[in-house]
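The values are calculated or read from the model by the stated rules, or taken from the named source; none is laboratory data. Worth saying up front: this structure is predicted, and the values here are computed from it rather than measured. Methodologically, a virtual Cβ is constructed for each residue, glycine included, from the backbone with ideal geometry; neighbour enumeration extends over all protein chains shown. The protein model used for the area step is the full one, side chains on, heavy atoms only, and it has no ligands, DNA or RNA in it. Shrake-Rupley method; radii C 1.70, N 1.55, O 1.52, S 1.80 Å.
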Amino acid sequence: MSSHADHTTVIVGAGPAGLTAALSLARYRHPVTVVDSPRAPRNSASAGVHGHVGRDGVTPGEFRARAWRELSRYATVERLEADAESVTPAPGGGFRVAVGGGETVEARTVLLATGVVDVHPADVDGFAECWGRSVIHCPFCLGEENAGGRWATVADNAELAGLSAVAFLAWSEDTIAICQESMPGLETARATARSSGGEVVTGTVRRLHHRQGALYAVELDDGRVLERETLVWTPRQRQQPVVRRTAEELKLTVDDAGFIGVDASQCTSVPGLYAAGDLTSRWKQSVTVSAAAGAAAADALHMSAMLGAARR
């Protein structure tokens, strides 16, 4: 087992949060190692990254390539292309990050920025082919590219069912929400939707009819076919294995859905261990929000390092 030299901060993950944090720390001349998984990023199916001023519409691959070109100019940033396997306390203080191949990186502070894993429904025919094109997880991200057609959203609670049929009018004049008949608050959701010309339909999606990923109809389990061109569906999400193991090992505070709890500075319940991006919330998953969280974490990490150095 080999060990890299002690680094001030290790960032686990190289999405918008991790890369933004790395750039911010680089501008502080703060030594940092970014553990960048060689696996395809979560948004690899998307045709473009949107909402990030100056980079609106670039592909996910180009977004990452540009970021690494910028980071390569800074001598304090090291890129380690590997899967992180664990984050544990280091014997002398700080943390030890184990990565594939038996290597370890020790650091005084760690930022978890891996994003999450989308758990796609295995029993919905056509989901994979439409994902990232006409089946989207976020209207802010891809709503403009799908504007004008007939929309539907798969909702798992009454508030979302009612509000989505209203909120999505920004992109479509014909919107419906699909949810379970047994969902509490169903009648309230229907009333909210009707108030703006929307509709709530009950049932379970079983098949997506499409032409090379372009959706044209949604089929329910009872055989009904709803003509739709865009389906908004935020699938169930789980933490990356390294985050799940870290949360268990270090007894991190998590919410009922398993998302990591952080304070205003993005610090977890363990001092010195920070988290930013999608792994902290299901409802704040956009490039700009993740990047802002990464920048906030970087500010806190650097200030903590400077205060620590002043005390020594």
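Collect the residues in segment 170-218 that are among the charged types (D, E, K, R) and either more than 28 Å from the chain's Cα centre (by Cα) or farther than 15 Å from VAL124 by Cβ (or both), keeping them in residue-number order. Correct list: GLU173, ASP174, GLU181, GLU187, ARG190, ARG194, GLU199, ARG211. Annotation note: Cβ proximity below 7 Å between a residue of segment 7-31 that is in contact (Cβ under 8 Å) with a residue 40 or more places away in the chain and closer than 21 Å to ARG96 by Cα and a residue that is charged (D, E, K, R) and open to solvent by less than 40 Å² (accessible area, probe 1.4 Å) (sequence gap 6+ or interchain) occurs for ALA14/ASP36. Of ARG29, ARG73, all but one fail to be modelled with pLDDT of 85 or more, farther than 21 Å from ALA296 by Cβ and part of a loop (DSSP other than H, G, I, E, B); the exception is ARG73. Is there a residue being in contact (Cβ under 8 Å) with a residue 12 or more places away in the chain, crowded, with 17+ Cβ neighbours inside 10 Å and among the hydroxyl-bearing types (Ser, Thr, Tyr) anywhere in segment 220-235? Yes, segment 220-235 contains at least one residue that is in contact (Cβ under 8 Å) with a residue 12 or more places away in the chain, crowded, with 17+ Cβ neighbours inside 10 Å and among the hydroxyl-bearing types (Ser, Thr, Tyr). Here LYS284 meets the list (1) closer than 30 Å to ARG206 by Cβ; (2) under 12 Å from the mean Cα position of the chain (by Cα); (3) of a type outside the set (A, V, I, L, M, F, W, C); (4) open to solvent by 50 Å² or more (accessible area, probe 1.4 Å) almost entirely, failing just condition (1).
Scanning segment 170-182 for residues that are open to solvent by 20 Å² or more (accessible area, probe 1.4 Å) and farther than 18 Å from ALA217 by Cβ, we see that the one that is modelled with the highest pLDDT is TRP171.
In this entry, THR253 is excluded by the filter for residues that are over 23 Å from GLY143 (Cα atoms), modelled with pLDDT under 95 and of a type in the set (S, T, N, Q). Scanning segment 22-45 for residues that are open to solvent by less than 80 Å² (accessible area, probe 1.4 Å) and of a type in the set (Ser, Thr, Tyr) yields SER24, THR33, SER37, SER44. Return a yes/no flag: does segment 15-24 have any residue that is under 22 Å from GLY272 (Cβ atoms), part of a helix (DSSP H, G or I), over 16 Å from the mean Cα position of the chain (by Cα) and of a type outside the set (Ser, Thr, Tyr). Yes, segment 15-24 has at least one match. For segment 135-169, filtered to residues that are among the small types (Gly, Ala, Ser), touching a Lys or Arg at 6+ places or on another chain (Cβ under 9 Å) and at pLDDT 85 or above, the residue that is surrounded by the most Cβ atoms within 10 Å (Cβ to Cβ) is ALA152.
Contact map, segment 238-254: residues that are over 22 Å from TRP283 (Cα atoms) paired with residues that are outside any helix (DSSP H, G or I) and of a type in the set (Asp, Glu), Cβ distance under 8 Å, separation 6+ or inter-chain. Pairs shown: ARG245/GLU85. Of all residues in segment 32-46, those being in contact with a helix residue (DSSP H, G or I) (Cβ under 7 Å, 6 or more places away or on another chain), part of a loop (DSSP other than H, G, I, E, B) and aliphatic (A, V, I, L, M) number 0.
Out of all the residues in segment 184-198, is one or more in a loop (DSSP other than H, G, I, E, B) and at pLDDT 90 or above? Within segment 184-198, none of the residues are in a loop (DSSP other than H, G, I, E, B) and at pLDDT 90 or above.
State whether the residues of segment 183-190 include one that is under 16 Å from ILE136 (Cα atoms), touching a residue at least 24 places away in the same chain (Cβ under 8 Å) and small (Gly, Ala, Ser). Within segment 183-190, none of the residues are under 16 Å from ILE136 (Cα atoms), touching a residue at least 24 places away in the same chain (Cβ under 8 Å) and small (Gly, Ala, Ser). The set of residues from segment 116-134 being open to solvent by less than 10 Å² (accessible area, probe 1.4 Å) and in a helix (DSSP H, G or I) comprises PHE127, CYS130.
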